[in-house]
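I have placed the structure first, in the form of structure tokens, so that the comments after it can refer back to it.
The values are calculated or read from the model by the stated rules, or taken from the named source; none is laboratory data. This structure is a prediction, so every number in the text was calculated from the model and none was measured. Note that each Cβ is placed from the backbone with ideal geometry, even for glycine, and that neighbours are counted across all protein chains shown. When the accessible area is computed, the model is the full protein with side chains, heavy atoms only, and any ligands, DNA or RNA have been set aside. Shrake-Rupley method; radii C 1.70, N 1.55, O 1.52, S 1.80 Å.
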Amino acid sequence: MLLNMLCLSALPATMVFAEKTNKQATTTTKTSQAPVAGSIQKPDLNVLSAVLIEPTTGQVLLSVNADQPLPPASMTKMMTEYIVAEQVKQGKLKWTDKVTVGENAAKTIGSRIFLAQGDVHTVEELYIAMAVGSANDASIALAERVAGSEQEFVKLMNETAKQMGMKTAHFINATGLDKKDMPAKYQPDTDKEDVMSAMDAAILGRRIVLDHQDFAKFTSIQSYKFRERDKTPIINYNWMLEANKNIPNFKAYAYKGLDGLKTGHTQNAGNCFTGTAVRDGMRLISVVMGTDSEAHRFTETRKLLDFGFDHFEIKQVVAGKSKVEGLDTVPVKKGVETSVGVVTDSDVSFIVPKGGEVKGVQFKTQLEPEDKLVAPIKKGTKVGTITYTYKAEGMDQQQTKTVNLVTSEEVEKGSWIRLFFRAIKEMFADLFDSIKNLF
């Protein structure tokens, strides 16, 4: 039978509302009902750690022991998924490329699709098996296809984690298996295990949804028949998929707008889940780690997401192509015109408590040196940046967003005769000012 032997995943910034706990990692943490930001109430959570973020702004809406490194189990595969998708995005790999299964993948245990050494499948087929069925063997086969060996791929995983700003994450394999459960021949020479904090998992989830916006093409698949001869399809371990709302066994867990991301389970990790859902144009990412059952990782996720969608919204404070107060134009050298208008290149939005007004937004501009603004200049040329800062009433910390300042029109290069007479005019103006300053 598929996916039923020693399953690794069990079958069916800055604005922080944080709470610390003195409880040990072997117990669950229960959040209090203390009021936050006025009338906003935190949910009661029975987890070791949890975090809730809004990915476009990067704001943290709820945090419970979010920086504590814990075993992530199959949530490790989010990094494998990210790297493989990035390889495809960069043209280094194609979804249709063939992958030959090696010994390491064939001998791995836990959640798997029972690949045999020498089997050949496409990158996409293995990726779906990994994303939907949490298949360890498919994950290893992909890792070896990308980097030549699983341990070379692990180096890439850890390098990518650092680049993303993940502070606690450390990987020893592409699957999330404990070292002792890896094939003996392929166990790394280390006493470390896979670890990742809830915050790091949220950072990784954020990069997935922002950098690979077609992620749900894979993560929202309910079931997938890997081989024609397979008697049963792979069933997605994510019970919360919105598409499950009509499935008898899962409809109690199905959540409106939820389309990813990754479950995890080992004896050491307990049950964990990185989820993401979108409603009314706002996406949230939640992470729960160390729940005491496969069902509770979903019920606790529901509490987190409900908290976010019930109490927060995104509001635009600056529209794209907006003028900046006090900065209508910047000077241009050697152009038909001596200056050009500037506008923002994109909109600016902040997350606020529902119904709240956005007041007191501050900004600071940073312009390119004047000698760089030399005609001809195209419309949309970057001339600097503008950083907006905002602290919502009742929130702990301020939010920041930096966008580019660009030219609102093009400036053609001036003819030599125009520039000649302009230079003479400027020379006499400077001379007159110098004489005037003598008296």
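The one condition from (1) within 23 Å of the chain's Cα centre (by Cα); (2) over 18 Å from Glu81 (Cβ atoms) that Phe250 does not meet is (1). Of the residues making up the range 69-94, those that are surrounded by fewer than 13 Cβ atoms within 10 Å (Cβ to Cβ) and of a type outside the set (Lys, Arg) are Gln90, Gly91. For the range 308-332: of the residues being more than 22 Å from Tyr390 (Cα to Cα) and buried (at least 16 other Cβ atoms within 10 Å of the Cβ), which is modelled with the lowest pLDDT? Of everything passing the filter in the range 308-332, Val332 is modelled with the lowest pLDDT. Which residues, counting only those in the range 116-158, are open to solvent by 10 Å² or more (accessible area, probe 1.4 Å), closer than 12 Å to Ile83 by Cα and of a type in the set (Ser, Thr, Tyr)? Listed by number, the list holds a single entry, Tyr127.
When only residues in the range 333-380 that are hydroxyl-bearing (Ser, Thr, Tyr) and closer than 21 Å to Thr402 by Cα count, which is least open to solvent (accessible area, probe 1.4 Å)? Going through the qualifying residues, I end up with Thr344.
One residue alone among Thr291, Thr263 is modelled with pLDDT of 95 or more, more than 22 Å from Ala135 (Cβ to Cβ) and among the polar types (S, T, N, Q), and that residue is Thr291.
The residue list Ile221, Ile285, Ile247 contains one member that is hydrophobic (A, V, I, L, M, F, W, C), open to solvent by 10 Å² or more (accessible area, probe 1.4 Å) and more than 24 Å from Leu126 (Cβ to Cβ), which is Ile247. Lys179 falls short on exactly one of the conditions (1) surrounded by fewer than 18 Cβ atoms within 10 Å (Cβ to Cβ); (2) within 16 Å of the chain's Cα centre (by Cα), and that condition is (2).
Within the range 148-167, residues that are on the phi < 0 side of the Ramachandran plot and of a type in the set (Phe, Trp, Tyr) have Cβ atoms under 7 Å from residues that are part of a loop (DSSP other than H, G, I, E, B) and modelled with pLDDT of 95 or more in these pairs: Phe153/Ala174, counting only partners at least 6 apart in sequence or on another chain.
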